[in-house]
Amino acid sequence: MEIYYCNQIKRKTGVTAAWSQAPGYAPQLAVSLAPNAVGFYTEEGRPWDPNKEALVVNVRSTECAKMAWHPLLPLLAIGWKDGAISFWNVEERRLEEDSKTHRRPITHMMWSANGERLITTDENGKLAMWKTDRHLRPLHVNSYEEAPGNTISVATREHH
């Protein structure tokens, strides 16, 4: 028997969304909501917290640009159009943020396969590397900026 769910999620055009894939944790869908928030939903499309659809709100009133779930933990990295990076710890419902590393909209976010590092890039070509401490707080490790005539490329390797 198949069961289908149909729940409307209030979102904006050009929505950013990401499914969690951490083994041992319930799947969650993170969706950017207008104008400056991210909501979390069950795989049935119901708000994770029925009393509060938007669990992460950007106090600087900027929109979400990119999102990336940690591959092994219930931790979501959110990149904002003002360059800030937020880490949402689902289990503790705690938000940690860095607004000093990037100053332009985030264009790419990707966790390493083992979840030890997160790479972020912005519109100006700046690349930053992150890790988390034992409390899942973001720690900026290093940054690289494009120099005239040089290009920063990120290569990924699939593990099979």
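Only the coordinates and a few stated rules stand behind these numbers; no lab work does. Since the structure is predicted, the reported quantities are computational estimates derived from the model, not experimental observations. Please note: Cβ atoms are built from the backbone with ideal geometry, for glycine as well, and neighbour counts cover all protein chains shown.
Placing one identical point scatterer on every Cα of the stretch 46-93 and ignoring solvent, what is log10 I(q)/I(0) from the Debye formula at q = 0.16, 0.24, 0.28 Å⁻¹? Relative scattering, expressed as log10 I(q)/I(0), comes to -0.49, -0.99, -1.15. Net charge of the neighbourhood of Arg93, taken over other residues with C-beta under 11 Å away and scored Lys/Arg +1, Asp/Glu -1, is -1. Computed over every Cα-Cα pair of the stretch 30-112 and binned at 10 Å starting from 0, the pair-distance distribution P(r) comes out as 18, 54, 26, 2 percent.
Once both labels are positioned 7 Å from their Cα atoms along Cα-to-Cβ, the gap between Arg117 and Arg137 label points is 2.3 nm.
At a Förster radius of 45 Å, what calculated FRET efficiency corresponds to the Cβ-Cβ distance of Lys100 and Glu44, to the nearest 0.05? The value I calculate is 0.70.
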